[in-house]
1. I'm trying to understand the selection: among the residues of segment 16-43, which are closer than 19 Å to ASP142 by Cα, in a helix (DSSP H, G or I) and not acidic (Asp, Glu)?
2. Please find, among TYR214, TYR167, the residue that is outside any strand (DSSP E or B), farther than 30 Å from LEU51 by Cα and of a type in the set (Phe, Trp, Tyr).
3. What number goes with the only condition from (1) modelled with pLDDT of 95 or more; (2) over 21 Å from ALA44 (Cα atoms); (3) of a type outside the set (Phe, Trp, Tyr) that GLY155 does not pass?
4. Just give me the residues in segment 58-92 being out of contact with any strand residue (DSSP E or B) (no Cβ under 8 Å at 6 or more places or on another chain) and of a type in the set (D, E, K, R), in sequence order.
5. Return the total of residues in segment 19-31 being buried (at least 17 other Cβ atoms within 10 Å of the Cβ) and not hydrophobic (A, V, I, L, M, F, W, C).
6. Within segment 111-135, how many residues turn out to be outside any strand (DSSP E or B) and more than 18 Å from the chain's Cα centre (by Cα)?
7. Please work out if SER103 is under 28 Å from THR13 (Cα atoms), touching a strand residue (DSSP E or B) at 6+ places or on another chain (Cβ under 9 Å) and surrounded by 13 or more Cβ atoms within 10 Å (Cβ to Cβ).
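The values are calculated or read from the model by the stated rules, or taken from the named source; none is laboratory data. Since the model is a prediction, treat every value here as computed from it, not as a measurement. Don't worry about glycine lacking a Cβ; one is built from the backbone with ideal geometry, like all the others, and counts go over all protein chains shown.
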Amino acid sequence: MTSNISIETKLSTLIKASRTILQKKTFKESARAIFDFCRETTGAISGYVALLSEDGHENEVLFLESGGMHCSVDPFLPMPIRGLRADSYTTHKTVYENDFMNSRWVKFMPPGHVEMKNVMFAPLNIDNKTVGIMGLANKPGDFTDEDAEIASVFGELAAIALANSRYIDLLNEKTASLEKVISQVKTLQGLLPICMHCKKIRDDKGFWTKLEEYISNHSEANFTHSLCPQCLNEKYPEFSDTEDME
């Protein structure tokens, strides 16, 4: 056991973390809250949450918590998927290393990176694919299998928050598209005063407008000229054998 936190406290923390999925407006806010709960529960001091780039080759950092330790590396530079974190991406499981500075993974650290005593990576899995990762580091003492299990649960919560955020974004896009279509559709409603002789329409400002002009201005309809059979016979009897004229 690496933590004195009770089971009841851990469950309470997980419930609080779950609520952030609906309480926060953006995935970044939800991910940060879930990460902080995970860091508190596992005892980690620093870490980050990153998402997989579109090409699937790099980590794109969403935010980073240094834990007060100095780091001269730009935290928002893309991180290649390699080293220990690559194991998490490949296996879709939480992995950790308690002697990181003496491990084979340390060679992948860029110059100026904060020293890491120990590290743990929990994947964000959606539809059996790891789409991001939660990194935790520098816990006083060692990470354990228990820490890995709890980090996995927090990783699942972060994945749910991400999927929820993407669904909301898609829904908003669909809604915006629908509203655009609706705004382009104009309908005529109510009683329209129309002259019984010239067929002009009186608008809401009291002006009389030609029927076709009024309809064109208040709907998506356009007019093209033609002749009905009756008018064709009356006006152009020489063409009376023709059923219609366009």
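1. Filtering segment 16-43 for residues closer than 19 Å to ASP142 by Cα gives 35-43.
Those still in the list that are in a helix (DSSP H, G or I) too: 35-42.
PHE35, PHE37, CYS38, ARG39, THR41, THR42, listed by residue number.
2. Numbers: TYR167 fails: farther than 30 Å from LEU51 by Cα.
Result: TYR214 is the single residue among TYR214, TYR167 that is outside any strand (DSSP E or B), farther than 30 Å from LEU51 by Cα and of a type in the set (Phe, Trp, Tyr).
3. (2)
4. Within segment 58-92, ASP74, ARG82 qualify.
5. The number of residues fulfilling the criteria is 3.
6. 9
7. Details: under 28 Å from THR13 (Cα atoms): no; touching a strand residue (DSSP E or B) at 6+ places or on another chain (Cβ under 9 Å): yes; surrounded by 13 or more Cβ atoms within 10 Å (Cβ to Cβ): yes.
Against the criterion (under 28 Å from THR13 (Cα atoms), touching a strand residue (DSSP E or B) at 6+ places or on another chain (Cβ under 9 Å) and surrounded by 13 or more Cβ atoms within 10 Å (Cβ to Cβ)), SER103 does not qualify.
Quick grid of which residues meet (1) free of Cβ contacts under 8 Å to residues at least 60 places away in the same chain; (2) within 26 Å of PHE108 (Cα to Cα); (3) of a type outside the set (Val, Ile, Thr); (4) touching a Leu at 6+ places or on another chain (Cβ under 9 Å):
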residue	(1), (2), (3), (4)
THR41	no, no, no, yes
GLY47	no, yes, yes, yes
LEU51	no, yes, yes, yes
ASN59	no, yes, yes, yes
ALA86	yes, yes, yes, no
